[in-house]
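Here is the structure we will look at.
Bear in mind these aren't lab numbers, they're just calculated from the coordinates by the rules spelled out. It should be emphasised that the depicted structure is a prediction, and the values quoted were computed from it without experimental measurement. Methodologically, a virtual Cβ is constructed for each residue, glycine included, from the backbone with ideal geometry; neighbour enumeration extends over all protein chains shown.
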Amino acid sequence: MLPALEAPEFPLLNAFQRDFPLAPRPFAEIGARRGLTEAQVLGAYRAALAEGVLSRIGVVFAPNVVGASTLAAMAVPPSWLEAVAGIVSERPEVNHNYEREHRINLWFVASASSQEALGAALARIAEETAIPVLALPLVEEYHIDLGFDLVSHAAPRAPQRAGAPARLDDMEKRLVAALADGFALEPAPYAALARAAGTTEGEVLATLARWLAAGVVRRIGVVLHHRKLGYTANAMAVWDVPDAEVSQAGMRLARRPEITLCYRRTRRPPDWPYNLYCMIHGRDRQEVLGQLEAIGREEGLADAPHEVLFSRRAFKQRGARYAGGESGDED
């Protein structure tokens, strides 16, 4: 077992990746369930944050429901990679930024309040780096959930469908902005969100519950840096599947417990002909390659053109910024 998984705070990290209490004193409620005091729970989460294992505790929105987002990629000369990655990471719209093993080697996720703002951000990156940006927007979502159990590696298996864009009032827009950095690690985090959004704690709790029930929010809970927990053999597999077959193929993949992300994205031929993606977060490269070989064989994808891109380095990982007025979660 990895040292990180032996840490005293591990049960608090693993068990509360979803279903985080929607209660005025959530850390006290967690403590009551675990035989700990509120102060002990807060201390454990603060320690995990300081160690870099915990990214944040907060809300994970469904894609393209409260704003616009896309996966994007660039083919960067290796000698330029550090500099270009720095330029990309500086953009406030960019929340994840990774090097992957491929000629197209820099992959990032960008989010903004609208498609227009998102397009402008990508154009700015291309202008500043003098390198074309491949925008690869989501077409269909089959399974997007990095809240997988770190012991059993299980995750919800029903294929997911993205909801329609939400119509937010002014208070809800302020709440989205306040949620960007996660919950304050203090006894009453929802009261802190209420102050930032100019509303009441009760309204914050009711809004989050409503968003969760409607699918605007995918989960509320602990968001982890998986690489810090030893998940360093993380592979993105892509296939070129006929458009008439890709939805069924994606839904089959989504049911497999080893897959943490699965979706269809826009092709960008001739540079990028692939339309079906999945991610496996693993600790052993050969094990992941074996899983992908089995997936191809068992799911009818063995003969489809495909590639496997392992992540090399994480340059940036944080929650998305969707709120209007700002310049703008996936490995």
Residue-normalised 222 nm signal for the chain, counting each DSSP H run of n ≥ 4 as -39,500 (n - 2.57), nearest 500 deg cm²/dmol, is -10500 deg cm²/dmol
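Given the Cα-Cα distance of Asp19 and Arg255 and 0.36 nm per residue of separation, how much length would full extension add, in nm?
Values: separation 236, 0.36 × 236 = 84.96 nm, distance 2.13 nm.
This chain segment gains 82.8 nm when fully extended.
Multiply the residue separation of Ala294 and Ala213 by 0.36 nm, subtract the distance between their alpha-carbon atoms, and state the gained length in nm to one decimal. Before the final figure, lay out the partial values.
Working: separation 81, 0.36 × 81 = 29.16 nm, distance 3.53 nm.
Stretched fully, the Ala294-Ala213 segment lengthens by 25.6 nm.
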Can you give the FRET efficiency to the nearest 0.05 for Ala130 and Val308, using r as the Cβ-Cβ distance and R₀ = 30 Å? 0.55
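At a Förster distance of 22 Å, what's the computed FRET efficiency of Ala188 paired with Arg34, Cβ-Cβ distance as r, to 0.05?
On the way: r = 19 Å, r/R0 = 0.87.
Given R0 = 22 Å and the Cβ-Cβ separation, E is 0.70.
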